[in-house]
Amino acid sequence: IEFIKLLRQAPAITDAIWLDARGREQLRVSRLAMDRMRSGKDFSQTPAFRQARSHSPYHGPVYFREGTEPYLTLAVAAGAGVTLVEVNLKFVWDVITNIHFGETGHAYVIDAGNHLISHPDISLVLKKTDLSSLPQVQRARAANTLPVPTAADSGDGHDPLGHAVLTAYARIEPLGWSVFVEQDRQEAFAP
């Protein structure tokens, strides 16, 4: 009942799974597949189960379910077992598309591997666009390798099409993601 409530209250969660103390799936409630009980599927060797069992929340890497939408796995200790959820990151897009300023200003989010996971142009996300070659992404990653990561930076950069932009970013811990905001340089410095 609690998992059904969870899926009703959190539309981004597509699957909620309870694993017993041995890492065996005992319950799965899903938006995309049939719910199941006591399947016994073994999760005991997965990083999600092992980390959550050590009472440290697990935040998995971003992956693309069926090659299209970005997802993230989260897991926490729950009683004698582990609760694991699959989160559809397409819902982050709803937030990102509402961030705009001027004619060209927008925001986007990249994961720890510099892949675009949210952008006003959803087609760039679905193409699994790698932004590691952008100067602003390189600066952000270099700054975050320092002993104390900087919270934000700003400066010049360019978008994936090569247009000059003024950009700023902030890191999202503990996921290792970064949120960038940028605006066409000419518009930013227009009178």
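The values are calculated or read from the model by the stated rules, or taken from the named source; none is laboratory data. Computed from a prediction, not measured in an experiment: that's the story for all the values here. Cβ: placed from backbone, ideal geometry, glycine included. Neighbour counts: every protein chain shown. We work out accessible area using only protein heavy atoms, side chains counted, and drop any ligands, DNA or RNA first. Shrake-Rupley method; radii C 1.70, N 1.55, O 1.52, S 1.80 Å.
Per-structure values
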quantity: Whichever residue in segment 88-125 is among the aromatic types (Phe, Trp, Tyr) and touching a helix residue (DSSP H, G or I) at 6+ places or on another chain (Cβ under 8 Å) and, among such residues, is modelled with the highest pLDDT; calculated: TYR108
quantity: Failed item in (1) under 30 Å from ALA142 (Cβ atoms); (2) in contact with a Gly (Cβ under 8 Å, 6 or more places away or on another chain), with SER118 passing the rest; calculated: (2)
quantity: Within segment 126-152, considering residues that are among the β-branched types (Val, Ile, Thr) and modelled with pLDDT under 85, the one least open to solvent (accessible area, probe 1.4 Å); calculated: THR150
quantity: Residue match in segment 72-81 (condition: open to solvent by 40 Å² or more (accessible area, probe 1.4 Å), over 9 Å from the mean Cα position of the chain (by Cα) and of a type in the set (Val, Ile, Thr)); calculated: yes
quantity: Selection count, segment 6-62, where residues are out of contact with any Pro (no Cβ under 9 Å at 6 or more places or on another chain), touching a residue at least 60 places away in the same chain (Cβ under 8 Å) and not aliphatic (A, V, I, L, M); calculated: 5
